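Okay, structure first, notes after.
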Amino acid sequence: MEMLTYSPVIYSKEGFPRDNGKPYLPKETFLEAITSAVIFYYTKKDKEIENRIKKYLLSEGVRIEEVSETVKQIVLDKYPILDDLQLPEKVYLPQESIKQEYVEVFDLREWIDTDGFKTEAFFGSVDINIQSPHIEKLKAVCHSYVEALLRIEHSFLKEHYLAKLFYEPLMNEVKKWDMPLRIGMWTGVSFKGDLLFFWRIKEVREYLIKKLHIDIRPRYILYIPRRKETTGWVNIKIK
């Protein structure tokens with residue numbers, strides 16, 4: 001298998017971790033992305049799962065630090081699709097494909113660039129070995145999630161130049177991919193995509209704002225102004 005970047009991948013404001021000087025992406029980067037896709041897919045597909053998660057999110061005892069793990073367990077207890085997933089502990093990145101880039105933070109609520117930082121970004125291709133007896137299902141799961149994420153970000157960006165220039169071509173291109181993922185650092189929302197399904201459900205959204213003072217809608221989008229691209233869109237090509 002091969003990971004092909006459509007837009008640069010960033011890991012953190014400090015850059016990529018290193019092992020004896022060699023930059024890499026840790027296993028958790030890919031596991032987090034695939035898990036978010038699985039949560040979204042089965043929440044959308046299974047009404048019982050949707051209702052259980054909704055009931056949990058609207059409960060009096062919900063705790064912000066437990067939300068992601070609890071939602072994940074609700075889904076994976078019924079659909080243990082990740083049990084036999086094998087991912088490399090480290091995916092080493094060629095140094096020559098890593099560049100310093102300035103990353104802008106766009107505030108979707110205030111509709112302005114609010115912050116920016118310079119960090120390492122990877123753009124290119126690298127071999128990756130992902131094994132699972134459910135690989136065909138995971139391909140469909142990741143398509144469902146990434147295409148939904150694209151549509152939602154496109155709708156939130158509205159008249160921003162990225163909507164037409166970047167998102168519309170990508171929305172067509174991603175349909176041809178084997179296994180799309182959104183990886184690395186790409187938003188300022190702590191839940192990333194784990195609660196993607198509930199971003200549009202007003203009742204849940206407003207309750208969490210009122211009770212936990214959190215908004216699960218995307219608030220900040222990270223993009224690279226020099227390239228006019230948001231970060232972290234990749235295709236896992238099945239050879």
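The values are calculated or read from the model by the stated rules, or taken from the named source; none is laboratory data. Bear in mind that the values here come from a model prediction, so they are computed numbers and not experimental data. Counting neighbours? That spans all protein chains shown, and the Cβs are built from the backbone with ideal geometry, glycine included. For the accessible areas, the whole protein counts, side chains as well, though only heavy atoms, and no ligand, DNA or RNA atoms are used. Shrake-Rupley method; radii C 1.70, N 1.55, O 1.52, S 1.80 Å.
Rounded to a whole number, what is D in µm²/s for the stretch 35-93 from Stokes-Einstein with the Kirkwood radius over alpha-carbon pairs (37 °C, 0.692 mPa s)? So the translational diffusion coefficient is about 257 µm²/s.
Largest accessible area first, the listed residues 233, 177, 111 line up as 111, 177, 233 when surface is computed with a 1.4 Å probe on the assembled protein chains. Taking 26 Å as the straight-line reach from the Cα of residue 22, the lysines in range (excluding those fewer than 8 positions away in the same chain) are 13, 90, 99, 118, 237, 239. The accessible-area ordering, largest first, of the residues 151, 182 stands as 151, 182, per a 1.4 angstrom probe.
Stokes-Einstein diffusion of the chain at 4 °C, 1.567 mPa s viscosity, Kirkwood radius from Cα pairs, rounded to a whole number: 70 µm²/s.
Averaging the sequence gap over all C-alpha pairs within less than 8 Å and six or more residues apart, then dividing by the number of residues, gives the stretch 51-167 a relative contact order of 20 percent. Normalised by the number of residues in the chain, the average gap of Cα pairs under 8 Å and 6 or more apart makes the relative contact order 35 percent. Taking all protein chains together, 19, 84, 127 sort by accessible area into 127, 84, 19, largest first [probe 1.4 Å]. A crude spin-label estimate for the pair residue 18 and residue 158, with each label 7 Å from Cα along the Cβ direction, gives 4.4 nm.
For the stretch 64-83, there are no residues whose amide N sits under 13 Å from a probe point set 7 Å from the Cα of residue 136 along the beta carbon direction.
Taken along its three principal axes, the alpha carbon spread of the stretch 67-120 comes to 41, 37, 12 Å, from the longest extent down to the shortest.
Within the full protein context, the accessible area of residue 125 is estimated at about 50 Å² for a probe radius of 1.4 Å.
Counting heavy atoms of the protein chains alone, residue 219 has an accessible area of about 50 Å² for a 1.4 Å probe. Counting only residues at least eight positions apart within a chain, or on another chain, the lysines with an alpha carbon under 28 Å from that of residue 202 are 44, 45, 47, 54, 55, 72, 78, 158, 164, 192, 210, 211. Under the criterion of Cα pairs below 8 Å and six or more residues apart, the relative contact order for the stretch 105-239 equals 31 percent.
By the Cα gyration tensor, the stretch 143-187 has an equivalent ellipsoid whose semi-axes, rounded to whole angstrom, run 18, 13, 9 from largest to smallest.
FRET efficiency for the residue 238 to residue 109 pair, using the beta carbon distance and R₀ = 22 Å, is estimated at 0.05.
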